[in-house]
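Contents: one structure, followed by commentary.
The values are calculated or read from the model by the stated rules, or taken from the named source; none is laboratory data. This one's a predicted model, so the numbers in the text were calculated from it and none came from an experiment. Using ideal geometry, Cβ is built from the backbone for each residue, glycine included, and neighbour counts are taken over all protein chains shown. Heavy atoms of the whole protein, side chains included, go into the accessibility calculation; ligands, DNA and RNA do not. Shrake-Rupley method; radii C 1.70, N 1.55, O 1.52, S 1.80 Å.
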Amino acid sequence: MSTLKVDVRLYATLSKYSPAGGESRSFTMEVERGTTLAQLYEILRIPPGEIKQAFINGRRVEEDYVLQDKDEIGVFPPVAGG
Amino acid sequence: MAYIVRVNMTEGTVKFEEVPAKYRTLGGRALTSRIVYDEVPATCHPLGPNNKVVFAPGIVTGTSAPSSGRISVGGKSPLTGGIKEANAGTPAAQSLAKMGVKAIIVEGRPREKGQFFLLRLNKDGGSLEPAGDLVGLGLYDFARRVKERYGDVDFAVTGPAGERFLSMAGVCFNDKDDRPSRYAGRGGLGAVMGAKGLKGIVIDSSGAPGVQVADPDLFKAGQRKLVEALREHGVTKPGGTLNAYGTAALINVLNEAGGLPTRNFSAGRFEGAGKIAGETIAEIISRRKGQGATGHACHPGCIIQCSNIWARPDGSEHVSCLEYESVWALGANCGIDDIDAVAELIWICNDTGLDTIEAGVTLGVAMEAGLIKFGDAQGAINLLKECAKGTPLGYIIGHGAAFTGRAFGVTRVPAVKGQGMPAYEPRAVKGIGITYMTSTMGADHTAGYTIAPEILSVGGKADPLSPVGKAEMSRDFQATTAFIDSSGYCLFTTFALLDIPTGMEGMVETVNGVLGTAWTTEDVVRVGKDILKQERSFNEAAGLGKAHDRPPEFMRYEPLPPHNSVYDVPDEELDKVFGEM
C-alpha cells in the first residue's frame, strides 16, 4: 500500500481551495505515504501565506508532520474572536 | 473639564463633582474598580443600599483612537459576591466621554419600594425623572419609546430581568443604530441597577466639548501606529476573519481542537458545530440578503467591525448580533444546531436584559437536570421566556447556572465563584482554565485570553493540553487585560498588538497623549497588576480566597472527550497567579 486516505477540512477563507469546489469545505483525499502537511498544501495549491495553522486529530501540528492514514485535518487562516 | 456624576437614589439628587487627583489617570475598569474599592463596603449585600453601580468610559474613549468605544460598569456582583467589572462597546461610551463624564456613581435606593427612575444627562446637567411607564417593557420596545420621546440619544438600561433583581441580568447599551444589543453582560450588574431603582440613563451629547487631550502630537503619532497595526494583522484588518466571519469563526477552530464545550461541558466537540459556525452564519446572511449584514461595527470609529445582523429566511432583520459566545452558549452548550433558534434565544436575552453566556450555561444545567432535553430548541425558548414572566421557575433560572444547579441537585455545574464558564473547555485548554479559576471576576475568558497563544497561535504558541508555564501566562494576560479594559480599547485590538510591537507602542502613546503620562509598554503589566491587586483585595475582604480559585470538582475526575483529559493544573499552580504577583 503506497497511498493513504485523509479527511481534510478547509475553513474560512481557505474553503475556496477545496477541490470539491464551492461551499464544500470537507473532503477525503488520497496521498502518497510519507506526504507531509506542507506537501499537502502544495497539492491543494494553497498559497503558504494564507495558512495560519492546522489541527490534526485535535492536536495542532507543524508543517513537517508526516500524514497518517485516516488523519482528520482542519486547516485555518488567521482567526480570532472571544 | 472632566467631572464625576454622583447620583443618590435615596435623595433623588444628581451632583457634578470634581475629579479627585487620585482618579486622574484612571479610566474604564481601573476607575470603576477603584471607586468600588474606595466606596463600597466589601461585605454589603449586592442588592442593598450600600452597594453602588459605577459607569466609566475608557481613557481614550470619545477620541479618534480606533476601536475604543468601550464603557465599564462596576459594582459588587450579585452573581459572584465579589467585585465586578463588565464592559461593552457602544456609542453611549463615546458620548459620555465627549461630555467630560469621567464616571457616574449611583448610590442608595429609592425610599419607596418598586420605584424606578431614568437619569437624563445633557450638556446642561442631569436629572432624575420617574420611569414607571417604562418598567416591564421588553428592551426593543424601550429603545423605540426612548427614540420617540428623546430623539437622537444614547442609553444604558436594565431589562425586565434587572427589574426583578435576577443575577444574570446584564446592563444593556444601544448600538450605533439604536438597537438594545451591546451588553456589559456578566455578573448581574443589571440587577444592581434594578436594586438602585435606576431603570436607565438617557444621554444627549449634543454640544459636548469633546475629550481633552494633553499632548495632541503624541496622541496622533500613537494613533497612526495603532491604525497601521490593526489594518495589517490578518485577524483585525478590513476583510480579515473577524470582519468577514465575525467572532463565531472560532466555533470550528475550538471544535477541531476538542475544546468546544458541548451539552453542558460533557464533550469537547459538537457534531452540529458546522451548522452554527461563523462561516455558515456569514454564508446564510449573504444568501438571504435583505437586512442581514456582516462587518457591522458596535460603535463609530471601529476598524475591526466584527459584529453582524442576522436576518430571517425572508430577509427581515431578526437580531444583532450572533457572536461566538452567544452562539456557543445557546447552541453547542445546549446541543442546539438550529441557528435560527439560536438567533431567537439571543433576541430573548437582548429583550429581557440577560447575559447570553450565563443564560446558555444555565440552560445547559437545566437540561442536565432533565427540565428539558439537550437539543430541544423550542423547550429552551420557552424556558428562557420564564425569566421575563417572573414565574417561580423564571426566578430560579434567572439566578444563573450555579443557583439552578443547586435547585435541581446537579453536580456538573461549570462555574467558578458562581459565574458560568464561557466557551472554552478548561480540560482541553489548560491556561484559559487558570484564568477562569483565578480571575477576580469569576469564570471569565476576557479577563486573560490565553486562547490567543494556546489555540489561535497569536502572540506565540503554547500547547493547550499542557499545564506547564500557564500560571505565568495567565497572570501576564490578566494584567495586560486590566490595562486594556481601562484604556477604552476593545480587547480585540490586542490580537494585533501582541504580534506587532509598534501597535503596542502606539496604544500606550495614545493613552499618554490623553493623560499626559509617560508610561512605557513595560508599564502596561505593572499598571494592570495594581488594578488586579486592588480587585483581589476587595474580594478577600468580601470573603473570597484561594478556596474559591478552584475548578468545579467534576473537571478534576471526569475525562473530557475527545482528548479524555481532566483538569490537572495543581492547586499550587493556581495559587501562583496572585501569590507571585
Worksheet item: Is there any pair with a first residue in segment B:507-524 that is modelled with pLDDT under 95 and a second that is open to solvent by less than 20 Å² (accessible area, probe 1.4 Å) whose Cβ atoms are under 6 Å apart and which are 6 or more apart or on different chains, and what are they?
Response: B:521/B:508
Response to the item:
Reported set for segment B:262-271 where residues are more than 24 Å from the chain's Cα centre (by Cα) and more than 9 Å from chain A (Cβ to nearest Cβ) is B:266, B:267, B:270, B:271
Worksheet item: Just checking, how many residues over segment B:101-110 are open to solvent by 10 Å² or more (accessible area, probe 1.4 Å) and in contact with a Phe, Trp or Tyr (Cβ under 9 Å, 6 or more places away or on another chain)?
Response: 2
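For the condition charged (D, E, K, R) and within 14 Å of chain A (Cβ to nearest Cβ), what is the one hit in B:476, B:499?
B:499
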Worksheet entry | Restricting segment B:77-94 to residues that are open to solvent by less than 10 Å² (accessible area, probe 1.4 Å) and more than 13 Å from the chain's Cα centre (by Cα), the residue that is nearest to residue B:194 (Cα to Cα) | B:77
Response to the item:
segment B:289-393: strands (runs of 3 or more DSSP E) wholly inside it with 2 or more residues that are within 14 Å of chain A (Cβ to nearest Cβ) and under 20 Å from the mean Cα position of the chain (by Cα) are B:307-311
Worksheet item: Is it the case that segment A:13-21 has a residue that's touching a helix residue (DSSP H, G or I) at 6+ places or on another chain (Cβ under 8 Å), within 14 Å of chain B (Cβ to nearest Cβ), within 24 Å of residue B:243 (Cα to Cα) and not small (Gly, Ala, Ser)?
Response: yes
Response to the item:
Scanning segment B:419-460 for residues that are assigned to a loop (DSSP other than H, G, I, E, B) and among the hydrophobic types (A, V, I, L, M, F, W, C), the one farthest from residue B:544 (Cα to Cα) turns out to be B:458
Discussion item. Step by step: first the residues of segment B:238-261, then only those that are surrounded by fewer than 24 Cβ atoms within 10 Å (Cβ to Cβ) and outside any loop (DSSP other than H, G, I, E, B), then the one that is farthest from the other protein chains (Cβ to nearest Cβ). Which residue is that?
Written reply: B:243
Item to complete: Would you mention how many residues in segment B:526-581 are out of contact with any strand residue (DSSP E or B) (no Cβ under 7 Å at 6 or more places or on another chain), open to solvent by less than 50 Å² (accessible area, probe 1.4 Å), in a helix (DSSP H, G or I) and among the aromatic types (Phe, Trp, Tyr)?
Response: 2
Worksheet item: Of the residues B:276, B:284, which single one is crowded, with 21+ Cβ neighbours inside 10 Å and either within 12 Å of chain A (Cβ to nearest Cβ) or touching a residue at least 40 places away in the same chain (Cβ under 8 Å) (or both)?
Response: B:276
Worksheet entry | Candidate set from segment B:504-529 (those that are under 18 Å from residue B:24 (Cα atoms) and among the small types (Gly, Ala, Ser)); member that is nearest to the chain's Cα centre (by Cα) | B:528
Response to the item:
Residue set B:467, B:453; condition farther than 27 Å from residue B:93 by Cα and more than 14 Å from every other protein chain (Cβ to nearest Cβ); output residue B:467
Practice prompt. Would you mind finding the one in B:452, B:471 that is at pLDDT 95 or above and under 21 Å from the mean Cα position of the chain (by Cα)?
Written response: B:452
Fill in: Residue selected from segment A:58-82 under the condition in a strand (DSSP E or B) and open to solvent by 30 Å² or more (accessible area, probe 1.4 Å), by the criterion farthest from the other protein chains (Cβ to nearest Cβ)
A:66
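Let's see how each residue does on (1) open to solvent by 10 Å² or more (accessible area, probe 1.4 Å); (2) of a type in the set (Phe, Trp, Tyr); (3) within 16 Å of the chain's Cα centre (by Cα); (4) under 16 Å from residue B:196 (Cα atoms):
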residue	(1), (2), (3), (4)
B:148	yes, no, no, no
B:152	yes, no, no, no
B:166	no, no, no, yes
B:176	yes, no, no, no
B:182	yes, no, yes, no
Fill in: Residue list for segment B:1-18, restricted to those being outside any strand (DSSP E or B), touching a Lys or Arg at 6+ places or on another chain (Cβ under 7 Å) and open to solvent by 40 Å² or more (accessible area, probe 1.4 Å)
B:2, B:10
Worksheet item: In this structure, does residue B:565 turn out to be in contact with a helix residue (DSSP H, G or I) (Cβ under 8 Å, 6 or more places away or on another chain) and modelled with pLDDT of 95 or more?
Response: no
Worksheet item: Can you name the condition, by its number, that residue B:396 falls short on among (1) within 14 Å of chain A (Cβ to nearest Cβ); (2) in contact with a helix residue (DSSP H, G or I) (Cβ under 8 Å, 6 or more places away or on another chain); (3) surrounded by fewer than 24 Cβ atoms within 10 Å (Cβ to Cβ)?
Response: (1)
